[in-house]
Amino acid sequence: MGSEWDFFISHASEDKRQVAGPLAHYLRSVGFSVWYDDFSLRVGDSVLREIDRGLGASHFGVVVLSDSFFAKEWTYRELAGLVTTATADQRRVLPVWHNVDAAAIASYSPMLADVKGVHTSRGLHVVAEELVRASFPDRVADLPLSNRSKERPDDLNTAQETLRSVLDAGGRREEILIVLSAYQILLTLFGRYTAAVIPTAGFADCLPSDFVLFEQHGITGPIQITFVVLGPTGPGGADFLAATDRAFGEEVTFNKYPKNNYLPGRRVGEFPRVQSVAQGIADRLKSNNIHARDPRVWNFSVLLVHGRRGVQDSAPTCRTRLNFETASYDRLIDPTDPPFWG
């Protein structure tokens, strides 16, 4: 039987909303065909028959390994199906580790412990890149810096429902990062103009940011980049703000300014670490803006996202060099939610 899908995603139902669904969304948005129950099953389908068909007609099986996965007999059946259909020269099982370590996996399956997996903690865009590298290495170079342009308007509702469920369950910062790395459409709610959303893990590890919003004001207007930093979901935002300010590194003198610059904020050329990241963006994003090739003159600011609605910190007591904005995590599911401070 020929393969109809690039990936089959096997998961426990407890991991559907936070991991399996967003990962399937991300892989599909960057051009891969994915067998995932919400995508592939229709009313009236035989679940058992369709899963068997998906197992047999997919190039690779992505297995989301978690405590919930290990507790299920059904997921073990899917795993066994993937293993038995593998050929001698092709390892079909691609493990994704979610809140488990090597010891937990080894106690469940010594075979899986011997297969290198990728952990969800750095974001699903990193997971997806590693999966593609292991399965379709010739397509790695075609992966976009951001999947935002491939997302559809109706993805926003799914994204907000997913994030709301994570927040309502007391989700940690790391769990929120997983959702945002797949559904980047959520972060456009912070943009003033149409923004490209760029995850920074594996791309800009020199700065303490999780995403960059890239916004260009037409062809001749200024370019703004906003570093989005995910802070604590509870109190402690003021301390986190001070630590973030220090982590952006040394400041240097830079006196070149575009004549038509009307945006507030610092210039990229004033902070060497920021300039390094901005240059990487300029090298990889296509733009017809007249300032695109000189990222030193771009404006930049930092957006700290932290806390929940009704749990507010006092205004920061430290003086900061950077231009900071802050917002609660609730603002991602309700754009009318006010910021904590200016």
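The values are calculated or read from the model by the stated rules, or taken from the named source; none is laboratory data. As the structure is a prediction and not an experimental result, all values here were calculated from the model. Cβ atoms come from the backbone with ideal geometry, glycine included; neighbour counts cover every protein chain shown. Quick note on the areas: whole protein, heavy atoms, side chains included, nothing else; ligands and nucleic acids left out. Shrake-Rupley method; radii C 1.70, N 1.55, O 1.52, S 1.80 Å.
Taking the stretch 150-244 and the strands (runs of 3 or more DSSP E) fully enclosed by it, the elements with 1 or more residues that are free of Cβ contacts under 8 Å to residues at least 40 places away in the same chain are at 211-216. Considering the stretch 98-124, the residues that are open to solvent by 60 Å² or more (accessible area, probe 1.4 Å) and in a loop (DSSP other than H, G, I, E, B) include one that is modelled with the highest pLDDT, namely Asn99. Please find, among Asp142, Asp154, the residue that is more than 14 Å from the chain's Cα centre (by Cα), under 16 Å from Phe32 (Cβ atoms), loosely packed, with under 13 Cβ neighbours inside 10 Å and at pLDDT below 90. Being more than 14 Å from the chain's Cα centre (by Cα), under 16 Å from Phe32 (Cβ atoms), loosely packed, with under 13 Cβ neighbours inside 10 Å and at pLDDT below 90 holds for just one of Asp142, Asp154, which is Asp142. Taking first residues from the stretch 125-138 that are within 13 Å of Asp6 (Cβ to Cβ) and partners that are part of a helix (DSSP H, G or I), the Cβ contacts under 8 Å between residues at least 6 apart in sequence or on separate chains come to Ala128/Leu23; Ala128/Tyr26; Ala128/Leu27; Leu131/Leu27; Val132/Arg139; Val132/Val140. Within the stretch 317-342, residues that are more than 27 Å from Asn157 (Cα to Cα) and of a type outside the set (Lys, Arg) reach partners that are assigned to a loop (DSSP other than H, G, I, E, B) and at pLDDT 60 or above with beta carbons closer than 9 Å, at six or more positions or on different chains, in the pairs Leu322/Phe248; Leu322/Gly265; Leu322/Phe271; Asn323/Pro264; Asn323/Gly265.
Across the stretch 1-51, what is the number of residues that are in contact with a strand residue (DSSP E or B) (Cβ under 6 Å, 6 or more places away or on another chain) and either buried (at least 17 other Cβ atoms within 10 Å of the Cβ) or at pLDDT 85 or above (or both)? Qualifying residue count for the region: 18. The residue that is least open to solvent (accessible area, probe 1.4 Å), counting only those in the stretch 234-254 that are of a type in the set (Asp, Glu) and under 25 Å from Val297 (Cα atoms), is Asp245.
Taken over the stretch 210-224, the criterion of being closer than 17 Å to Ala327 by Cβ and either open to solvent by less than 10 Å² (accessible area, probe 1.4 Å) or charged (D, E, K, R) (or both) is satisfied by Asp210, Phe211, Val212, Leu213, Glu215.
Considering only the stretch 277-291, I want to know if a residue exists there that is of a type outside the set (Ser, Thr, Tyr) and over 27 Å from the mean Cα position of the chain (by Cα). There is at least one residue in the stretch 277-291 that is of a type outside the set (Ser, Thr, Tyr) and over 27 Å from the mean Cα position of the chain (by Cα). In this structure, is Gln160 closer than 30 Å to Gly218 by Cα, open to solvent by 20 Å² or more (accessible area, probe 1.4 Å) and at pLDDT 90 or above? It is true that Gln160 is closer than 30 Å to Gly218 by Cα, open to solvent by 20 Å² or more (accessible area, probe 1.4 Å) and at pLDDT 90 or above.
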